[in-house]
Amino acid sequence: MATKEEAVKVLKILHKYHTGLSMLGTISKSRNAYKMLISTILSARARDVVTLPVSKELFKKYPTVKSLANAKQKDVEKIIKRIGFYKNKAKNIIKAAKTMQNKYKGKVPRDEKELKKLPGVGQKVAACMLVYAFGKPAIPVDTHVFRVSNRLGWVKTKTPEKTQGALENLVPKKYWMIVNEVLVLHGQTICLPRIPKCSKCPVNKHCKKRGVKKHD
C-alpha cells in the first residue's frame, strides 16, 4: 500500500498536470448550491457531456428550488430524458426540492447528515456537496476515483462506497478537497477504464497498475 507521503506527491503532480475542470468543478464556479445538488443527482451513471447541457436546460425552466418543487414530473422528464434513469431522477429531484422548500426554507442543507435525508442523495452526492458547494473537506468517490485509486495501489477495495473511508485514512485531511477533482480528470483523460494511456501518464512510475490488463 502507498504511504501518505507517496499519495500526496502523486496528488500534487496530478493537480499541476490537469489544468482544466471537471463537470462539478465547472458548476461550483457558479456558487449555487441548488444547481450543484441537482446536477450531481442527475450525473449518477451519466456522462458529463450529457449532464451539463441537460442541467443547463433544466435550470432555464426551473431556476430556483421553489420552481422545481412545483414542477410536474412529466415536464421534468421531457427535459432530462437523455440521461439514464431519467424517470427516477425526475421524481427524486422534485421531491428533494419539495423537502428543501418545506423543511429547510428553500435552502440546501450544509450538514452531511441532513443532506442524506434528501431523495437521491447518498454518500457520494453528499460528499460532493460538502466539497464543491460548501468548501468543506470530504472525498467523494465515483467510478473514476475508485478505479484510479485502486490502480495506483492506494487502496484495495471492491466498491466505491468502501473506498471513501480507505482514502480518508490515507490522504491527509488538508488534501481531501482536491482528491475527487484530480482523480476524476485523470480517470476521464488518461487512466481510462479499458485501455489506460500509461505512456502519457505523469505518475506512471508511481503506479502499480493494479488490475490493468492492457495499456498503451
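The values are calculated or read from the model by the stated rules, or taken from the named source; none is laboratory data. Computed from a predicted model, the values in this text were never measured in an experiment. Cβ coordinates were reconstructed from backbone atoms using ideal geometry, including for glycine residues, and neighbour counts include every protein chain displayed. To get the accessible areas, we keep the full protein, side chains included, count just its heavy atoms, and leave off ligands, DNA and RNA. Shrake-Rupley method; radii C 1.70, N 1.55, O 1.52, S 1.80 Å.
Consider region 1-27 and keep the residues that are under 16 Å from Pro172 (Cβ atoms) and without any contact (Cβ under 8 Å) to a residue 40 or more places away in the chain. The one that is nearest to the chain's Cα centre (by Cα) is Lys12. The conditions of being among the small types (Gly, Ala, Ser), at negative phi and open to solvent by 30 Å² or more (accessible area, probe 1.4 Å) are met by Ser199.
Selection of region 26-61 for residues being under 16 Å from Cys128 (Cβ atoms), open to solvent by 70 Å² or more (accessible area, probe 1.4 Å) and either touching a Gly at 6+ places or on another chain (Cβ under 7 Å) or modelled with pLDDT of 95 or more (or both) yields only Arg45. In this structure, Asn102 does not satisfy being under 20 Å from the mean Cα position of the chain (by Cα), surrounded by fewer than 22 Cβ atoms within 10 Å (Cβ to Cβ) and over 30 Å from Cys198 (Cα atoms). Among the residues of region 72-79, are any within 19 Å of Leu24 (Cβ to Cβ), crowded, with 21+ Cβ neighbours inside 10 Å and out of contact with any Asp or Glu (no Cβ under 7 Å at 6 or more places or on another chain)? There is no residue in region 72-79 that is within 19 Å of Leu24 (Cβ to Cβ), crowded, with 21+ Cβ neighbours inside 10 Å and out of contact with any Asp or Glu (no Cβ under 7 Å at 6 or more places or on another chain). For region 111-133, a tally of residues being assigned to a loop (DSSP other than H, G, I, E, B) and either of a type in the set (Val, Ile, Thr) or touching a helix residue (DSSP H, G or I) at 6+ places or on another chain (Cβ under 8 Å) (or both) returns 6. Candidates in region 177-196 are the residues that are without any contact (Cβ under 8 Å) to a residue 60 or more places away in the chain and open to solvent by less than 70 Å² (accessible area, probe 1.4 Å); of these, the one that is nearest to Ser22 (Cα to Cα) is Gly187.
Quick one: in region 95-145, of everything that is in contact (Cβ under 8 Å) with a residue 40 or more places away in the chain and among the hydroxyl-bearing types (Ser, Thr, Tyr), which residue is nearest to Leu185 (Cα to Cα)? So the residue we want is Thr143.
Selection of region 134-176 for residues being aliphatic (A, V, I, L, M), part of a helix (DSSP H, G or I) and buried (at least 21 other Cβ atoms within 10 Å of the Cβ) yields Val145, Val148, Leu152, Leu167. Here Asn88, Asn92 are screened, and the one residue that is in contact (Cβ under 8 Å) with a residue 40 or more places away in the chain and out of contact with any strand residue (DSSP E or B) (no Cβ under 6 Å at 6 or more places or on another chain) is Asn92.
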